[in-house]
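Taking it in order: structure first as structure tokens, then the write-up.
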Amino acid sequence: MSQTILALDISTTSTGYAIFQNKKLIAYGVIAPTSKNVITRIEKIADEVNLLMLEYQPNIIYAEEPEPAFVKNNIDVYRKLTFAHGAIAIVLNHYSKEMKLCSSSHWRKQVGIKTGRGIARAQLKPLDIAKANELFNLNTKNDDLADAVLIGQAYINEFDKDEFDWE
């Protein structure tokens, strides 16, 4: 049975996605809507996720969970992220699918990126890009794309032995 994962790094300005089929990265990109209206941007992201669902028919959707700790000084950002997650959840519901969520520290641990005390979020983004470029022979400078690819790999690293019969 073929297994397909859609991994998402969701943001209201630039959402990274990665498609894995049978442990292999087969597609990736960034959804970057340009509207000034946040609801219009979220609608565009949801529409693009719908197209990914139609094209690739993923069995698993894995995404980074919005974390209030990273946006504690701006609750509005956290609120908008939760709106984006909700819009995508509605799209997925049409396919009888749910998003599995993980924290950024969890997926980074699964791919070998050290996090914790004394390591600022801004320091992690270049590490994410370097790790994605190394693991997948990419040449990206986009942290959203890198994060999506690594989120998908983290899922494979954590669950492939227990959950799937990869062919």
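The values are calculated or read from the model by the stated rules, or taken from the named source; none is laboratory data. Since this is a predicted model, take the numbers as computed values, not measurements. Cβ sites come from the backbone with ideal geometry, for glycine too, and all protein chains shown count toward neighbours. Surface accessibility is based on the protein's heavy atoms, side chains included, excluding ligands, DNA and RNA. Shrake-Rupley method; radii C 1.70, N 1.55, O 1.52, S 1.80 Å.
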Spot the failing condition for Ala46; the list is (1) assigned to a helix (DSSP H, G or I); (2) open to solvent by 30 Å² or more (accessible area, probe 1.4 Å), and only one is missed.
(2)
What is the residue count in the stretch 13-25 for residues that are more than 14 Å from Ile151 (Cβ to Cβ) and touching a residue at least 40 places away in the same chain (Cβ under 8 Å)?
3
From (1) open to solvent by less than 20 Å² (accessible area, probe 1.4 Å); (2) part of a helix (DSSP H, G or I), pick out the condition that doesn't hold for Ala122.
(1)
The stretch 90-113, subset of a type in the set (A, V, I, L, M, F, W, C), open to solvent by less than 60 Å² (accessible area, probe 1.4 Å) and outside any strand (DSSP E or B), residue nearest to Lys23 (Cα to Cα):
Val111
Unique residue being open to solvent by less than 30 Å² (accessible area, probe 1.4 Å), touching a Phe, Trp or Tyr at 6+ places or on another chain (Cβ under 9 Å), at pLDDT below 95 and not in a loop (DSSP other than H, G, I, E, B) when the list is Asp147, Asp160:
Asp160
Residue selected from the stretch 1-25 under the condition aliphatic (A, V, I, L, M) and touching a helix residue (DSSP H, G or I) at 6+ places or on another chain (Cβ under 8 Å), by the criterion most open to solvent (accessible area, probe 1.4 Å)
Leu25
Applying the selection to the stretch 49-77, what residues are crowded, with 19+ Cβ neighbours inside 10 Å and modelled with pLDDT under 90?
Pro66
Subset of the stretch 26-37, residues free of Cβ contacts under 8 Å to residues at least 60 places away in the same chain and crowded, with 18+ Cβ neighbours inside 10 Å, comes to Ile31, Pro33
Index of the failed condition, Lys80 passing every other in (1) out of contact with any helix residue (DSSP H, G or I) (no Cβ under 6 Å at 6 or more places or on another chain); (2) open to solvent by 40 Å² or more (accessible area, probe 1.4 Å)
(1)
Here is a check on your reading of the model: is Arg108 at pLDDT below 95, over 23 Å from Asn142 (Cα atoms) and basic (Lys, Arg)?
no
Conditions (1) part of a helix (DSSP H, G or I); (2) within 19 Å of Ser11 (Cβ to Cβ); (3) of a type in the set (Asp, Glu): number failed by Glu67
(1)
